[in-house]
Amino acid sequence: MKPPGKRNSLNKSPAALWYKKLRWDWTMLALIIPIAVTVSLILPDRGERVVDISWSFLLEMVYILPAVLILMGLFAVWVSKDVVVRYLGAGSGIKGLLLSMVLGALPTGPLYVAFPMGAMLIRKGARIANVMAFLSAWACIKIPQELMELQFLGWRFAVTRLLLTAFAIGAMCLFAEFIYKRLSQKEILD
């Protein structure tokens, strides 16, 4: 974290000013629409497919996002910051990492649903490694998926994949948190 009022070396350049003002979500939309139109004009069969897939994703988001926003609001009100800090904060250790993986493995749904929850956890004081473990488990470990693997591929495969995935997620999250802390310390010192 930066001390208030102190600017790092990246903020001093004029290039950083336009970067901060630029809204990446609108920029990406402005880039994707002409690409989709060009594909539709050059390859009409592919363009039709692009429109169909885009429409299905839009409908999926329209159905899912209101529920996600309601759940985030309930999480913000019902779960206190103290609870999040106690179980998923800086002092949570390996237990917090494992709890984050379990919490990420429970729900089903697309990964973009988990990102607002991850942001909410960070705002409530969760450790960076735990939030990454939550997101990674949401992407890689799903209870229905594990049950399917168990049924069709056998218990040895399912348990081996689960353990290797959990180990890889834990190692990756701890390493990423280490890098994040180093970069934050370097930014404070600059």
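Note on segment 131-153: among residues that are of a type outside the set (A, V, I, L, M, F, W, C) and in a helix (DSSP H, G or I), the one that is surrounded by the most Cβ atoms within 10 Å (Cβ to Cβ) is 136. Evaluated against (1) out of contact with any Gly (no Cβ under 6 Å at 6 or more places or on another chain); (2) of a type in the set (Gly, Ala, Ser); (3) assigned by TED's automatic domain parsing to the domain that holds residue 148, residue 67 falls short on exactly one condition, (3). Residue under question is residue 50, and the condition is that it be surrounded by 13 or more Cβ atoms within 10 Å (Cβ to Cβ), closer than 24 Å to residue 110 by Cα and assigned by TED's automatic domain parsing to the domain that holds residue 103; does it hold? No; evaluated as a whole, the condition is false for this residue.
On the stretch given as segment 154-190, residues that are outside any helix (DSSP H, G or I) and surrounded by 13 or more Cβ atoms within 10 Å (Cβ to Cβ) total 0. Number of residues in segment 103-114 that are within 13 Å of the chain's Cα centre (by Cα) and modelled with pLDDT of 90 or more equals 1. Test residue 128 against the criterion of being hydrophobic (A, V, I, L, M, F, W, C) and either touching a residue at least 60 places away in the same chain (Cβ under 8 Å) or farther than 30 Å from residue 165 by Cα (or both), and give yes or no. So residue 128 does not fit the description; no.
Any idea which of 64, 70 is surrounded by 11 or more Cβ atoms within 10 Å (Cβ to Cβ), free of Cβ contacts under 8 Å to residues at least 60 places away in the same chain and not basic (Lys, Arg)?
Within the list 64, 70, the selection yields 64.
Just to be sure I understand, how many residues within segment 89-117 are among the hydroxyl-bearing types (Ser, Thr, Tyr) and under 20 Å from residue 170 (Cβ atoms)? Selection size over segment 89-117: 2. Selection within segment 21-57: residues that are charged (D, E, K, R), assigned to a helix (DSSP H, G or I) and under 23 Å from residue 113 (Cα atoms). The member of this set that is modelled with the highest pLDDT is 52.
The values are calculated or read from the model by the stated rules, or taken from the named source; none is laboratory data. Quantities reported herein were computed from a predicted structural model and do not represent experimental measurements. Note: ideal-geometry Cβ built from the backbone for every residue, glycine included; neighbour counts use all protein chains shown.
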